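The values are calculated or read from the model by the stated rules, or taken from the named source; none is laboratory data. Since this is a predicted model, take the numbers as computed values, not measurements. Ideal geometry is used to build each Cβ from the backbone, glycine not excepted, and the neighbour counts take in all protein chains shown.
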Amino acid sequence: MEEIKDRIDIVQLISQYLPLKRAGRNFKALCPFHTEKTPSFTVSPEKQFFHCFGCGASGDIFQFLMRMENVTFPEALERLAEQAGVEIPRGRGEDSGEERNRLYHLHREAADYFHEVLISSSGKKAREVAMSRGLDSSAIEAFRLGYAPDSWDRLREVLKSKGFTTAEMLSVGLLGEREGGGEPYVKFRHRLMIPIWDSRGRVVAFGGRALEPEQEPKYLNSPEHLLFKKGDILYPYHVARKAVRDMGYVLLVEGYMDAITCHLHGFSNAIAALGTALTPSQARKVVRLSKEVVLAYDGDEAGRKAALRAASVFFQVGVVPRVVLLPSGEDPDSLLRSRGREAFASLISGAGDVVLWYMAELETRYSLSHPRERARWLKEVLGFLAPLRGSLDLESYLVEVASKTGVTLEGLKMEIYGRGKGRARSASHAPRGSWEVLYLALALSNPRWWKIFKGEVLEDPLVLSLWEKVKGEDDPSIALAMLDDSERSLLVGKVMEIPEEGVEELFASCHRRAERRALEREARRLKMSMEGVSGEEKGRLLARYIEIMKSIKGAGEEGVYETH
């Protein structure tokens with residue numbers, strides 16, 4: 001890991017995601033992990049750490065990638081190793097990586113097979129259906145669309161010839177078990193196939209659209225498996241990422257056909273949540289691309305309810321989306337094909353604040369002039385706003401609610417936060433602790449210091465609890481990953497506060513103090529040991545005790561930077 005960090009500069013990595021601006025010896029940007037108006041997200045090229053002085057998000061290149069891409073530490077390590085050109089040694093029995101690679105390969109081969117069938121003579125009917133939906137040859141190539149022929153075994157035989165096992169095909173849902181036993185059957189038959197990519201552009205699942213009106217279900221999707229967690233995938237995230245930066249907002253739609261049609265009409269910032277309710281994991285991924293989010297869900301009642309549920313999830317990550325009101329019965333796919341790009345663009349430009357839209361929607365159901373109905377309206381609105389507790393947007397909405405209901409702003413805040421609590425509490429700050437906090441923090445910032453860190457002398461309860469979590473790790477990056485966010489924020493925040501020119505001497509000072517404490521402990525142990533012995537053994541212990549006391553006296557009183 002040290003080699004990876006040597007090859008990948010944290011400023012260059014973060015610049016791939018955020019527009020960093022030089023601020024003295026550091027760089028700054030608006031934090032991608034919470035909503036703010038003044039940049040508090042700081043990146044130190046010298047310390048190779050990032051730290052947000054607003055929300056506390058902290059770490060090195062591994063923690064940044066884990067947060068930005070919503071991946072685990074092993075996945076972040078794998079990606080950065082690949083980027084740095086560093087091979088990760090694997091221990092004996094480590095076959096999960098091999099298993100995952102085989103499944104990635106399996107999906108790639110299946111996608112290639114489906115695509116080849118679609119562009120062959122066997123795919124004529126599927127191509128005609130695709131063309132009728134505006135999916136021409138360029139779209140077929142761009143999205144690697146395919147056709148699953150009406151065969152119960154052809155895919156199985158093709159993949160077997162490539163070296164894949166029946167068990168592997170069953171595990172990812174390409175095959176299904178027959179009720180009466182026998183050879184498993186191919187699940188996707190006579191369907192237009194859409195490969196589903198992960199955030200790195202690797203095929204991890206498939207969506208199969210029916211080609212006949214009587215075919216059920218209309219959409220058949222891969223089940224969840226080792227590579228595919230539906231609630232984590234956004235389609236096509238890796239394609240939309242650059243367009244989002246260029247266009248300044250994310251266009252969130254419901255299904256992959258909506259997303260594909262949007263891309264074909266120039267809305268390359270569109271991503272889909274695969275037709276399911278938006279999850280917090282997906283919302284965090286969206287917000288990492290942009291905090292400007294526009295919801296373009298179906299124009300029916302179910303679509304509007306889904307948009308409100310999605311908005312509530314975005315509230316939890318500090319974002320208030322705008323919402324496009326599509327005509328009843330339309331979705332982005334159908335509207336773009338029937339009315340064209342300009343009509344859809346006009347609807348997007350008129351997208352309204354979801355909270356104000358929701359308030360107006362409720363006013364069509366409740367009369368605010370009637371006390372009982374006004375109370376119901378107020379209850380529903382405050383329930384909708386509750387996830388915004390602590391955000392900068394909440395007060396402006398409460399002012400609007402107050403003007404409509406006559407309830408005081410303070411009264412509304414009490415309802416939102418709970419009686420007796422008033423305003424939302426500001427984020428709690430971890431105790432600053434003793435010099436030991438600084439000693440551990442500095443050691444975690446440098447592999448050389450980590451190797452000589454004297455964890456055995458720690459006495460501070462807080463630092464001891466942190467040390468217990470990380471003391472078995474040889475690499476400080478792994479140690480940082482073992483801590484929770486608030487613990488990591490405390491330690492990285494300490495390091496970021498120190499001027500670069502003082503870091504080396506500060507660690508040396510802390511380390512000398514730790515060495516002195518180790519000597520003092522040894523001296524006390526020897527003094528106690530001498531009480532129960534005599535003769536030659538006592539003389540040996542006394543000689544060692546005198547030697548240690550001289551070392552302690554020579555060290556003097558260490559003037560270490562205190563943090564309490």
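Looking at Glu373, Glu330, just one residue is outside the structural domain of Gly299 (by TED's automatic domain parsing) and surrounded by 13 or more Cβ atoms within 10 Å (Cβ to Cβ), and that residue is Glu373. Name every residue in the stretch 1-19 that is assigned to a helix (DSSP H, G or I) and touching a strand residue (DSSP E or B) at 6+ places or on another chain (Cβ under 7 Å), in order of residue number. Residues satisfying the conditions are Ile10, Val11, Ile14. Only residues that are in a helix (DSSP H, G or I) and of a type outside the set (Asp, Glu) were counted across the stretch 298-322, and they come to 15. In the set (1) outside any helix (DSSP H, G or I); (2) touching a residue at least 60 places away in the same chain (Cβ under 8 Å); (3) touching a Gly at 6+ places or on another chain (Cβ under 9 Å), the condition left unmet by Leu252 is number (3). Of all the listed residues (Gly318, Gly340), the sole one being surrounded by 16 or more Cβ atoms within 10 Å (Cβ to Cβ), touching a residue at least 24 places away in the same chain (Cβ under 8 Å) and either on the phi > 0 side of the Ramachandran plot or assigned by TED's automatic domain parsing to the domain that holds Ala240 (or both) is Gly318. Candidates Glu468, Glu459: the one that is surrounded by fewer than 16 Cβ atoms within 10 Å (Cβ to Cβ), at pLDDT below 90, part of a helix (DSSP H, G or I) and not aromatic (Phe, Trp, Tyr) is Glu468.
Of the residues Cys52, Cys31, only one is in contact with a His (Cβ under 9 Å, 6 or more places away or on another chain) and within 22 Å of Leu491 (Cα to Cα); which? Result of the check over Cys52, Cys31: Cys52. Just one of the listed residues (Gly207, Gly163, Gly180) is in a strand (DSSP E or B), small (Gly, Ala, Ser) and either farther than 27 Å from Ala126 by Cβ or in contact with a helix residue (DSSP H, G or I) (Cβ under 6 Å, 6 or more places away or on another chain) (or both), and it is Gly207. All of Ala277, Ala307, Ala259, Ala270 fail the test of being buried (at least 17 other Cβ atoms within 10 Å of the Cβ), among the small types (Gly, Ala, Ser) and under 24 Å from Met359 (Cα atoms), apart from Ala307. With respect to the conditions (1) at pLDDT 90 or above; (2) assigned to a loop (DSSP other than H, G, I, E, B), Leu77 falls short on a single one, namely (2). I'd like the residue in the stretch 503-536 that is of a type in the set (S, T, N, Q) and either in a helix (DSSP H, G or I) or touching a Gly at 6+ places or on another chain (Cβ under 7 Å) (or both) and, out of all such residues, is farthest from Glu459 (Cα to Cα). Selected residue: Ser529.
Here Ala148, Ala81, Ala139, Ala111 are screened, and the one residue that is buried (at least 22 other Cβ atoms within 10 Å of the Cβ), at negative phi and not hydroxyl-bearing (Ser, Thr, Tyr) is Ala148.
Going through the stretch 48-61 one residue at a time, which ones are buried (at least 22 other Cβ atoms within 10 Å of the Cβ) and more than 27 Å from Leu392 (Cβ to Cβ)? Selection gives Asp60, Ile61.
Val158 meets the conditions (1) under 18 Å from Arg209 (Cβ atoms); (2) among the β-branched types (Val, Ile, Thr); (3) in contact with a Phe, Trp or Tyr (Cβ under 8 Å, 6 or more places away or on another chain) in every case but one. The failed one is (1).
Is it true that Arg245 is under 21 Å from the mean Cα position of the chain (by Cα), within 21 Å of Lys229 (Cβ to Cβ) and either touching a residue at least 40 places away in the same chain (Cβ under 8 Å) or in a helix (DSSP H, G or I) (or both)? No; evaluated as a whole, the condition is false for this residue. In this structure, does Ser369 turn out to be in a loop (DSSP other than H, G, I, E, B), among the hydroxyl-bearing types (Ser, Thr, Tyr), at pLDDT below 95 and under 33 Å from the mean Cα position of the chain (by Cα)? No, not satisfied.
Every residue in the stretch 42-70 that is closer than 13 Å to Ser477 by Cβ and not in a strand (DSSP E or B), please. Matches in the stretch 42-70: Gln48, Asp60, Ile61, Phe62, Gln63, Phe64, Leu65, Met66. Residue count for the stretch 122-158, restricted to those that are closer than 18 Å to Arg337 by Cα, aliphatic (A, V, I, L, M) and in a loop (DSSP other than H, G, I, E, B): 1.
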